[in-house]
Amino acid sequence: CLVKNIGWWSYEFCHMDRIRQYHAANLVDASTGMMKQRIESEHLLGLYSGSGNDVEDYPDDEEHLYVINATSSNIDLSIGGRNPKAILENLNKQHNDQGPGGNGAVYIQEYFHGDVCDHEDVAESVIKGGNIVHGSVERSSTVRFSCGKTWDIVNIKEDKTCHYVLDVTVPELCEHPLFKAAVTQTQVVKCLPL
């Protein structure tokens, strides 16, 4: 699992499992003198299972349909039943200088079925991806994988009430053809006097 601390909250992303947000207090165990953490508050932000992420949902011959190249202007906006135009707008707004490497491509996965969000701002107008449960909304997350030097959570945003966007870099993606930066070939031209 990858963990990133941002102020009060820590975020834990466990690939193909879950995403959670928690606040932990550091305590000294009186009997051992060792530091340990006690979780004081936590929220499940989404589960991999049951969120449309099974291997059958992403056949190899269609993998290019689930990779969004942020540098391309001719993207098929109907991919995967998602709203890639909105994803690209958010991608362009939210990526900072730690943004995607390679050619700017990202692979998107959704994690649904998190804890019920009891935030007072939850209304039908702010529901993004979570399911409605007993008049409330489940927390959900979008993970955007991109090429990077290390496995790392580089950015976390709550883009809508109870919906989170995690940007995760993966070194192995830098070698994948859909993520490689375009190589510009140069030619030397010698001019000779006539």
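The values are calculated or read from the model by the stated rules, or taken from the named source; none is laboratory data. Quantities reported herein were computed from a predicted structural model and do not represent experimental measurements. With ideal geometry, Cβ positions are generated from the backbone for all residues, glycine too; neighbour counts draw on all protein chains shown. The protein model used for the area step is the full one, side chains on, heavy atoms only, and it has no ligands, DNA or RNA in it. Shrake-Rupley method; radii C 1.70, N 1.55, O 1.52, S 1.80 Å.
Can you tally the net charge around THR169? Count Lys and Arg as +1, Asp and Glu as -1, for every other residue whose Cβ sits under 12 Å from the Cβ of THR169.
With Lys, Arg at +1 and Asp, Glu at -1, the neighbours total 0.
Measure up LYS4/LYS36; LYS4/LYS149; LYS160/LYS180 against 20 Å on the Cα-Cα distance and list the ones that go over.
LYS160/LYS180
Please list, in order along region 182-194, the HN-Hα scalar couplings obtained from phi with the Karplus expression 6.51 cos²θ - 1.76 cosθ + 1.60 (θ = phi - 60°), rounded to whole Hz, x for Gly and Pro.
After applying 6.51 cos²θ - 1.76 cosθ + 1.60, I find 5, 9, 8, 8, 10, 10, 8, 10, 9, 9, 10, x, 8 Hz.
Considering only protein heavy atoms, with the full assembly of protein chains and a 1.4 angstrom probe, order HIS15, HIS23, HIS43 by accessible area, largest first.
HIS15, HIS43, HIS23
Nearest 5 is fine: what % of DSSP beta bridges in region 137-184 come out antiparallel, could you say?
45 percent
Out of all Cα-Cα pairs in region 138-194, roughly what percent, to the nearest whole number, are more than 17 Å apart?
58 percent
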